[in-house]
Amino acid sequence: MMVGDCAKIMYEVKEVKLYGTWGSTYTAVVQNALKLKEVKYKYVQEDLENKSEELLRINPVHKQVPVLVVDGRPIAESLVILEYVDEMWKSPPIMPEDPYERAMVRFWADFIYKKVAPCSYTILFTVGEALEKAIEEFTRNLATLEEGIGKDFANAGKPFIHGAKPGLLDIIMGSSSGGIRLLADLTGKELIDKDKVPLVYSSVHSFESLPIAKETQVPYEQLLSRVLAKREKAFATEQP
Amino acid sequence: MEKSSSLKLFGSWASSYTHRVQLALKLKNIKFEYIEEDLSNKSEALLQFNPIYKKVPVLVHDDRPLAESVIILQYVDEVWNERPILPADPYERAVMRFWCHFADDKLGPAVGVVFASSGEVQNAAVDQVHENLALIERELREGYFKGRKFFGGDSIGLLDIVLGCGSYWLAVFEEVMTGVKLVDPEAFPLFHAWLREFEALDEVKETIPAVDKLLEYAKAVRAMLLGHCMGNTGVTDAATPATTAAPATATASVPDITVDSS
């Protein structure tokens, strides 16, 4: 079931399964990493409104997707999964070799998850003043990310964060392209602006153009209609 | 090897996140310069080295800064290979990273709320802490960590350092807040046993401040947190919605001892 020669993988595995859900960026992040490394895996679609017994068994702590199960052993949390995948299937690498650069990748990945991603979620599901605040915060954090990338990665923008080949940060940002488009459509603003955040823009745009990324992307119209339905529900329950 | 040509650690004496890094450097026998930060009056240097979060600990190696304790620990392990704190096997590493996230995303914040609140809000937070400890206890009893003396095996590793530096506060908090039981040895026998083993290690004893100093500090912080929000003690969240905002206001004005110190 495994692709590649012995030198490419840490040690032999027989079965790789990915539990994910349709339209989820975090699921897409893992799918793209696996595809980048040409890892053969079986995809198991989970309905988060009706979680399977299996999911609850393999991720009892968070009961969330994505979960990667390798020869029966589960790993949860997309960032943890990504580092595992990189250590198991070494080619092509998605982390730099230098320890300081690796620390910078981890720092900015953590920043994206802690500061950028939550804002974007808020933007999708709020209106009025709360929305304005969320957009402000998102824009501010994005500017911080852009500045940080420029300072910490000498080859950013050429066109990926580390230069010619995509790495962990490109995978994270590039896998969000559907979400980014949603933000633009729902707010009427181009939040990932080519002139304001050129390095982030270059990473996202270059990654989403890769054939593997296109394969992973869900049809946008369907994503949009699902989010609109969720918004309607969310706003309906807020009515006084 | 001249790897530690210039190594500085900015920290705070009561910060468990600072202790993590101090412990790792001690285990690896790495020399460094320690700079104590007054968190109510942060130095220019700290703000320059960690402009994003403005927190301790910050490690500066050959003038290049690193922030966020778990990131610092992994960096230290990758640069100084002696006495490794991360395992070699990728799956084992993934398990350790997962539980480090759990400690910092779930357990730590819940403990923080317990300390910064009272009444119903505190009760709910205590339940949350117990739920989180139960998950760890289960892994020790019948899951991945079954039969291990430490999470890292026979000697302490990344997860022991992350969970351990912080867990000693649980007993301190129990002393300060009478009636609140966080680590009941009957409910969490294996976690309790692990913590006692961890605290008995020489390197840990040399890193963590004396309990009476911690107690004095914790009492002062607790008094300030409660006085700050409610004006008296024992008021429940029904009367004072500000209680739920307590952790936020607390971190603004007081060194937060259970999350990356601000």
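The values are calculated or read from the model by the stated rules, or taken from the named source; none is laboratory data. It should be emphasised that the depicted structure is a prediction, and the values quoted were computed from it without experimental measurement. Positions of Cβ are generated from backbone atoms using ideal geometry, with glycine treated the same way; all protein chains shown enter the neighbour counts. Keep in mind that these areas ignore ligands, DNA and RNA; they rest on the heavy atoms of the full protein, side chains included. Shrake-Rupley method; radii C 1.70, N 1.55, O 1.52, S 1.80 Å.
Below, the figures for the structure above:
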quantity: Surface per residue (accessible, 1.4 Å probe) for chain B, Å²; calculated: 42
quantity: Tail beyond 32 Å, pair distance distribution of chain B (Cα, percent); calculated: 22
quantity: Whole-Hz ³J(HN,Hα) from phi, Karplus 6.51 cos²θ - 1.76 cosθ + 1.60, for region A:106-120, glycine and proline x; calculated: 4, 4, 6, 4, 4, 4, 4, 5, 8, 10, 8, 4, x, 4, 5
quantity: Backbone HN-Hα couplings from phi across region B:165-179 [Karplus 6.51/-1.76/1.60, Hz, Gly and Pro as x]; calculated: 6, x, 5, 5, 5, 4, 5, 4, 4, 4, 5, 6, 10, 4, x
quantity: Other-chain or far-sequence residues with amide H under 5 Å of B:Arg148's (modelled H); calculated: none
quantity: Mean separation of Cα contacts under 8 Å, 6 or more apart, over the residue count of region B:93-148: relative contact order %; calculated: 23
quantity: Å² per residue, accessible surface of region A:18-80 at 1.4 Å; calculated: 43
quantity: 25 °C / 0.890 mPa s Stokes-Einstein diffusion coefficient of chain A, Kirkwood radius on C-alpha pairs, µm²/s; calculated: 131
quantity: Restraint check, A:Lys40/A:Lys90; A:Lys37/A:Lys214; B:Lys42/B:Lys181; A:Lys115/A:Lys151, Cα-Cα greater than 23 Å; calculated: B:Lys42/B:Lys181
quantity: Whole-percent carbon and sulfur share, accessible surface of region B:1-74, 1.4 Å; calculated: 48
quantity: Reachable lysines, given that their alpha-carbon falls under 24 Å from the alpha-carbon of B:Lys26 and they are not under 8 places away in the same chain; calculated: B:Lys3, B:Lys8, B:Lys55, B:Lys149, B:Lys205, B:Lys213
quantity: Using θ = phi - 60° and Karplus 6.51 cos²θ - 1.76 cosθ + 1.60, couplings along region B:30-35 (whole Hz; Gly, Pro as x); calculated: 9, 7, 8, 9, 9, 10
quantity: Test item: A:100-109 mean partner chain Cβ contacts at 10 Å; calculated: 5
quantity: Cα gyration tensor shape for the protein assembly as shown, rounded if a/c is under 1.5, else prolate or oblate; calculated: rounded
quantity: Normalised contact order of chain B, rounded percent, pairs of Cα under 8 Å and 6 or more residues apart; calculated: 26
quantity: For B:Trp99, solvent-accessible area (1.4 Å; no DNA, RNA or ligand), Å²; calculated: 20
